[in-house]
Amino acid sequence: MTKRLLFLLAGVTMTVSHVRSQGGEGKAVPAAVEKSVVADGGGQGREAVITAERIEFDNKEGIILFDENVLVDDEQFIMRSERLLVFLEGTNDVHQIMAVGRVVITNENRTASCDKAVYTKKDGQIVMTGNALLMRHGEQGGEITGNRITFWLDDERMEVSPGRVVLPPGTFKKAEKSFMP
């Protein structure tokens, strides 16, 4: 039986498809079944695809579990983790997303990694715990590490505890004058 569910994931409409179970709700998806979730970005760009070795969908509890070798391939980022849980409110709204186990998120100029990352939609907040690292590549590069890094997507602010910041070379260098006196 094919389960379909529409939900919002950080502002992107997602269609969960190809999630099949034998005999009803909450059963593990057989290994032979295609295990992917396709995200439709509302006609913008390409679809995002989530793959895992095993997917479980519990409609009654409102939880989708992606287990083992999870890969989220999105137009804006790639995320890998051992496990990804999506918690739903009602039937269509994402309440919280939790990635656990060797979480790595990359895009063309940034990398984030940690043991566990939790996104809470209501607060627009991401909390990274356990060996948390944010790294920016290139000339403007640098890194932030800590046991816990919290950032708010709407406010563009961050809290690190306890933390360490590595700034790119020349950050405190006085600007050179580009004109002759």
For this session: Answer yes or no: is there a residue in the stretch 126-142 that is part of a strand (DSSP E or B), within 17 Å of Arg83 (Cβ to Cβ) and among the basic types (Lys, Arg).
Result: no
Exercise. On the given criteria, is Gly101 under 17 Å from Arg148 (Cα atoms) and modelled with pLDDT under 90?
Worked result: no
For this session: State whether one or more residues within the stretch 51-68 are touching a residue at least 12 places away in the same chain (Cβ under 8 Å) and within 20 Å of Asp154 (Cα to Cα).
Result: no
Exercise. Applying the selection to the stretch 139-158, what residues are at pLDDT 85 or above and among the charged types (D, E, K, R)?
Worked result: Glu143, Arg148, Arg157
Exercise. Name the pairs whose Cβ atoms lie under 6 Å apart, with the first residue in the stretch 76-104 and in contact (Cβ under 8 Å) with a residue 40 or more places away in the chain, the second among the charged types (D, E, K, R) and surrounded by 15 or more Cβ atoms within 10 Å (Cβ to Cβ), and 6 or more positions between them or separate chains?
Worked result: Val94/Lys121
Exercise. With Phe151, Phe77, Phe87, Phe172 as the choices, which residue is aromatic (Phe, Trp, Tyr) and under 12 Å from the mean Cα position of the chain (by Cα)?
Worked result: Phe77
Problem set entry | Qualifying residues in the stretch 104-127 (those that are of a type in the set (Asp, Glu) and at pLDDT below 90) - the one farthest from Trp152 (Cα to Cα) | Glu108
Problem set entry | Hits in the stretch 47-106 - residues which are assigned to a strand (DSSP E or B), polar (S, T, N, Q) and surrounded by 15 or more Cβ atoms within 10 Å (Cβ to Cβ) | Thr51, Ser81, Gln96, Thr106
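The values are calculated or read from the model by the stated rules, or taken from the named source; none is laboratory data. This one's a predicted model, so the numbers in the text were calculated from it and none came from an experiment. As a convention, Cβ positions derive from the backbone with ideal geometry for all residues, glycine included, and neighbour counts pool all protein chains shown.
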